[in-house]
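Notes follow once the structure below has been shown.
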Amino acid sequence: MTSQTLAAAAAGTGQLGAFTVNRLGYGAMRLTGDRDRSIAVLRRAVELGVNHLDTAAFYFSATHSANELINTALAPYPDDLVITTKVGPGRDASGDWLPAATPAQLRGQVEENLRQLGRDHLDVVNLRIGDALERGTGPIADRFGALAELRGAGLIRELGISNVSPAHLAEARAIAPVVCVQNQYGLSARREDDELVRLCAEQGIAFVPFFAIASGQAEQRVETVARRLGVTPSQVRLAWTLHQGPNVLAIPGTGDPAHLEENVAAAALTLSDEDLVTLDAA
């Protein structure tokens, strides 16, 4: 393999329970545009060493489904490829959001992901609560317990939770092992989760931020470091994310091949102490 092929491995590996993945992964939310281009992006991601894909059955447009694009592009799947999906939210055929799934409905969502991906089990399933703008609230024991039962039946290998608080993490861990927490988090967004990142590290749980790049607008501190290093502001944000701890996994998404290459290259970007001080300045 060439060094370019191993690009996603430059930041090292992390754990999703029993699965070892490169810390620079890929999020499939933006994969519902041009079909051929989306398939090319997925195949190129794997060529670059990406072995952690994040997806969901509710990632679809009028013409394309992210799960089915993944299936078309990558099946039969590489042995080391780990696919993480989410359940809880749902959308009807017109794309409108449905009420959050009940515990009884979660099995149907799991089975839909299995069908679309063409698999007999799901590697990691996150119970997603709330939406991207509002942190989910309320107890999750009944829904997480339903997923734990599906894990016991062999349909799911590992479990995670998404858009949650530390209290949700404690509630879920009392029911079954939690291998990852997936929250909105970035250099300039949801920094109240700094403590949750540390808590997850202490408990051997992966922290997987979404919107790590999109969370921030143009900022002088990011521009300063980007110019100093000769890279893009997006790459700086990704590198900052990966510098938050070895348990932090990045899943930037794009439907553009050139942007994919740029994102993956950020795995090799090292920030100095000076860079980090600049970025963390208020």
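The values are calculated or read from the model by the stated rules, or taken from the named source; none is laboratory data. What you see is a predicted model, and the numbers here were worked out from it, not measured in a lab. Methodologically, a virtual Cβ is constructed for each residue, glycine included, from the backbone with ideal geometry; neighbour enumeration extends over all protein chains shown.
Checked against (1) within 26 Å of residue 245 (Cβ to Cβ); (2) free of Cβ contacts under 8 Å to residues at least 24 places away in the same chain; (3) buried (at least 16 other Cβ atoms within 10 Å of the Cβ), residue 167 passes all but a single condition, namely (3). When 84, 32 are checked against the criterion of being in contact with a Cys (Cβ under 8 Å, 6 or more places away or on another chain), among the polar types (S, T, N, Q) and crowded, with 17+ Cβ neighbours inside 10 Å, a single residue qualifies: 84. Within the range 17-41, the set of residues being assigned to a helix (DSSP H, G or I) and either among the charged types (D, E, K, R) or touching a strand residue (DSSP E or B) at 6+ places or on another chain (Cβ under 8 Å) (or both) comprises 35, 36, 37.
A single member of 108, 49, 14 is on the phi < 0 side of the Ramachandran plot and not in a helix (DSSP H, G or I), and it is 14. Taking the range 23-38 as the range and being more than 12 Å from the chain's Cα centre (by Cα) and either farther than 19 Å from residue 73 by Cα or of a type outside the set (A, V, I, L, M, F, W, C) (or both) as the test, the residues that pass are 30, 32, 33, 34, 35, 36, 37, 38. Of everything listed in (1) of a type in the set (S, T, N, Q); (2) under 24 Å from residue 273 (Cβ atoms); (3) at pLDDT below 95, the single unmet condition for residue 217 is (2). On the given criteria, is residue 270 modelled with pLDDT of 95 or more and surrounded by 14 or more Cβ atoms within 10 Å (Cβ to Cβ)? In short, no.
Count of the range 188-216 residues, restricted to those that are of a type in the set (A, V, I, L, M) and touching a Leu at 6+ places or on another chain (Cβ under 6 Å), is 2. Could you say which residue among 225, 264, 277 is in a helix (DSSP H, G or I), under 13 Å from residue 24 (Cα atoms) and at pLDDT 95 or above? When all the criteria are applied, what remains is 264. Count of the range 56-105 residues, restricted to those that are in contact with a Ser or Thr (Cβ under 7 Å, 6 or more places away or on another chain) and assigned to a helix (DSSP H, G or I), is 4. If you filter the range 247-258 down to residues that are in contact with a helix residue (DSSP H, G or I) (Cβ under 8 Å, 6 or more places away or on another chain) and outside any loop (DSSP other than H, G, I, E, B), you find that the one that is farthest from residue 197 (Cα to Cα) is 257. Would you check if residue 149 is surrounded by 18 or more Cβ atoms within 10 Å (Cβ to Cβ) and either part of a loop (DSSP other than H, G, I, E, B) or out of contact with any helix residue (DSSP H, G or I) (no Cβ under 7 Å at 6 or more places or on another chain) (or both)? Judged against the criteria, residue 149 is not a match.
Scanning the range 111-164 for residues that are of a type in the set (S, T, N, Q), under 22 Å from residue 200 (Cβ atoms) and at pLDDT 95 or above gives 126, 162, 163.
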